[in-house]
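Written below as structure tokens is the structure these notes are about.
Each reported figure results from applying straightforward, stated rules to the coordinates on display, with no laboratory input. Keep in mind the model is a prediction, meaning the values are calculated, not measured. Methodologically, a virtual Cβ is constructed for each residue, glycine included, from the backbone with ideal geometry; neighbour enumeration extends over all protein chains shown.
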Amino acid sequence: TKQVPQDKSLDNTLALMREGYKFIENRVNKYHSDIFETRLFGQKVICMSGEESAKIFYDSELFIRKNATPKRIQKTLFGVGGVQSLDGEAHAHRKKLFLSLMTSTQQIRLANLVMEKWLDSVKNWEGVEKVVLFDVSNEVLCRAACQWAGVPLLETEVKERADDFSSMVSAFGAIGPQHWKGKRARARAEEWIRGIIEDVRAGKIKTEEGSALNAIAFHRELDGNQLDAQIAAVELINVLRPIVAISTFITFSALALYENPKCKEKLITGESNEFKIFVQEVRRYYPFGPFLGARARKDFIWNQCEFKEDMLVLLDIYGTNHDSRLWDKPDKFRPERFKERNENLFDFIPQGGSDPAKGHRCPGEGITIEIMKTSIDFLVNNIEFEVQDQDLSYSLVKMPTLPKSGFVMSNIKRKTLNG
Ligand code: HEM
């Protein structure tokens, strides 16, 4: 029988920090195995990559999410007690709440708001020498997300709130100042949103039926009780924060447009499917979520590997999206590959795998795709700008990552219809 490779080392946490997005892929290649054992964060960990691994990772008979997320990530990115940490019926019930907010009508309503906010901000860019796309995206998406969700937001707050949402995300792989910044950002955001939930329940803030704020404030748990205001805040932030985080994909989209002028051509008054395949390729090609964690529910053997109850297991997102068995020339940016592709729930996993209603896959993919399409349309068809000398490279070590300059646009002008 095949032995599962053991990546021998006292602890590989430092190697993970040195290798970042490529940590799992490097070892999968070295051992010619989709699965290997190592030690990370002071414990035995199984790392896996590829479609077959994704299939078992999402088998809820075998894996749970309770205690799968380190405390430092809960204190920054996720919050404590949110949907990410639930299992079984409690998870299914909470997940229904999220999915009910993200219907295709709601996706379009949000995307239209995003376009409106983009067009509003162009006015402020005229005569301005430079605009950092990542920064303005955060603000545009923060305005749109709050308005869409029914959360009151003053124009004077936008910058700070947007920055806080963004800092929670950039704390992911950070230690030191960047981590502390994420912690403070979360504490501030939770206090703000908790206050709003309480005001809604007290009738001090009016909400519209069907808005995220209304649905979360009045959501009933399986036991019939309302969510604790603190948990409600964590869950509303679980809607707002990732919408703002789409600015990472928007910034990578701008880089892709710049580096692939032929692809850009096709988007000038392009048909909807051209936008769709471009967006899918951005989500596949560029690094964002590196890997996912779960714990073995029980002892079992899979692929000759012994899983022990409670063992931590990591599924490689970045590596699976660049797996050469699944993707022809994975390191080429080629939107056309999505034209020929059959849908599969386990081989294209930028936002997780399997069915979102049955597991932890992101409920926000529809929203992400619509917001990206709208924002790319804006960049291609509503404005003209110059890309002057700047550092557009991005690290594969830092998690999450971004083009170093944040994508600076210069001499921005609105495109007029008659050219
Ligand atoms: C879960 C990625 C946008 C809400 C996830 C997961 C990933 C992910 C990798 C974990 C899947 C798993 O654990 O199996 C992303 C990326 C986004 C994005 C890269 C683009 C910026 C969004 C948006 C929303 C959202 C726009 C909401 C409006 C959530 C929630 C979960 C989740 C609530 C937890 C689901 C659960 O535990 O059942 N996302 N997401 N995400 N995402 Fe997203």
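The table that follows gives values for the structure above.
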item: Ranked list, fewest to most other Cβ atoms within 10 Å of each Cβ, for Lys404, Lys398; result: Lys404, Lys398
item: The chain - convex hull of alpha carbons, volume per residue in Å³; result: 146
item: For the range 6-13, 3J(HN,Hα) per residue [Karplus equation, 6.51 cos²θ - 1.76 cosθ + 1.60, θ = phi - 60°, Hz, x = Gly/Pro]; result: 10, 7, 6, 5, 4, 6, 9, 4
item: For q = 0.11 Å⁻¹, Debye-computed log10 I/I(0) when each Cα of the range 87-202 counts as one equal scatterer; result: -0.49
item: Value of relative contact order over the range 265-312, rounded to a whole percent, pairs C-alpha under 8 Å and six or more apart; result: 24
item: Two-site FRET efficiency, Thr103 against Glu126, from Cβ-Cβ distance with R₀ of 41 Å, rounded to 0.05; result: 0.65
item: Extension gain from Gln6 to Asp223, taking 0.36 nm per residue of separation minus the Cα-Cα distance; result: 73.6 nm
item: Given Lys55/Lys276; Lys130/Lys276; Lys30/Lys264; Lys262/Lys404; Lys130/Lys373; Lys66/Lys204, the pairs whose alpha carbons are separated by over 31 Å; result: Lys30/Lys264; Lys66/Lys204
item: Computed label-point distance, nm, for sites Glu365 and Asp331 using a 7 Å Cα→Cβ extension; result: 2.7
item: DSSP H segments from the chain that extend 30 Å or more along their own axis, Cα-based, with Kyte-Doolittle mean of -1.0 or above; result: 104-125, 229-259
item: FRET E, pair Ile268, Glu343, Förster distance 30 Å, beta-carbon r, rounded to 0.05; result: 0.60
item: Glu384-Asn67 FRET efficiency (beta carbon distance; Förster radius 45 Å; 0.05 resolution); result: 0.30
item: Order of Thr156, Thr38 - criterion: other Cβ atoms within 10 Å of each residue's Cβ, fewest first; result: Thr156, Thr38
item: Lys, Arg +1 and Asp, Glu -1 on Cβ, resulting dipole of the chain about Cα centre, debye, nearest 20; result: 560
item: Residue with peak Gaussian network fluctuation, the chain [Cα springs, cutoff 10 Å], from Leu312, Leu402, Leu62; result: Leu62
item: Contact order relative to length of the range 295-416, as percent, for alpha carbon pairs under 8 angstrom and 6 or more apart; result: 14
item: Gaussian network model of the chain, Cα within-10 Å springs - most flexible of Asn273, Asn214, Asn29; result: Asn29
item: Residue order, fewest to most surrounding Cβ atoms within 10 angstrom, among Thr416, Thr368; result: Thr416, Thr368
item: Percent RCO, i.e. relative contact order, over the chain, from Cα pairs under 8 Å lying at least 6 residues apart; result: 25
item: Cα→Cβ-extended label distance, 7 Å offset, between Asn260 and Asn303, nm; result: 2.8
item: Most fluctuating residue given options Gly42, Gly289, Gly210, as computed from a GNM of the chain linking Cα atoms under 10 Å; result: Gly42
